């Protein structure tokens, strides 16, 4: 399984709105495209949202298909409009002792 960690700085004061729209629109659509949302965290202190996303197949190919889909284009409202600074990186889980 390929995993990606995404860290977003959200517009000040918009974190709650982002989280609600992300839950309502992004999570179900990602699941329809074969992704698993592993976990998510939000920090009101610095308007940061972090989530871990995984895919069993080719992550890059599935991610492109998601973003090129008519369903993604139709997201309304699209919570991405509230992201000020996105970061993402592939990650491997580290087994804990």
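This table checks each residue for (1) outside any strand (DSSP E or B); (2) more than 14 Å from the chain's Cα centre (by Cα); (3) more than 13 Å from residue 8 (Cα to Cα).
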{"residue": "41", "(1), (2), (3)": "no, no, no"}
{"residue": "61", "(1), (2), (3)": "yes, yes, yes"}
{"residue": "66", "(1), (2), (3)": "yes, no, yes"}
{"residue": "85", "(1), (2), (3)": "no, no, no"}
{"residue": "89", "(1), (2), (3)": "no, no, no"}
{"residue": "96", "(1), (2), (3)": "yes, yes, yes"}
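Total residues in region 1-22 satisfying the condition of being more than 17 Å from residue 52 (Cβ to Cβ) and in a loop (DSSP other than H, G, I, E, B): the figure is 4. In region 23-39, of all residues being assigned to a helix (DSSP H, G or I) and touching a residue at least 12 places away in the same chain (Cβ under 8 Å), the one that is farthest from residue 82 (Cα to Cα) corresponds to 32.
When region 61-96 is filtered for residues that are under 17 Å from residue 4 (Cα atoms), loosely packed, with under 13 Cβ neighbours inside 10 Å and in contact (Cβ under 8 Å) with a residue 24 or more places away in the chain, the ones remaining, listed by number, are 85, 86, 87, 89, 90, 91, 92, 93.
Of everything in region 8-46 that is touching a strand residue (DSSP E or B) at 6+ places or on another chain (Cβ under 6 Å) and exposed (fewer than 13 other Cβ atoms within 10 Å of the Cβ), the residue that is farthest from residue 71 (Cα to Cα) is 41.
Values in this text are rule-based calculations from the coordinates and carry no lab data. The model shown is predicted, which means the values in this text are computed figures rather than measured ones. Positions of Cβ are generated from backbone atoms using ideal geometry, with glycine treated the same way; all protein chains shown enter the neighbour counts.
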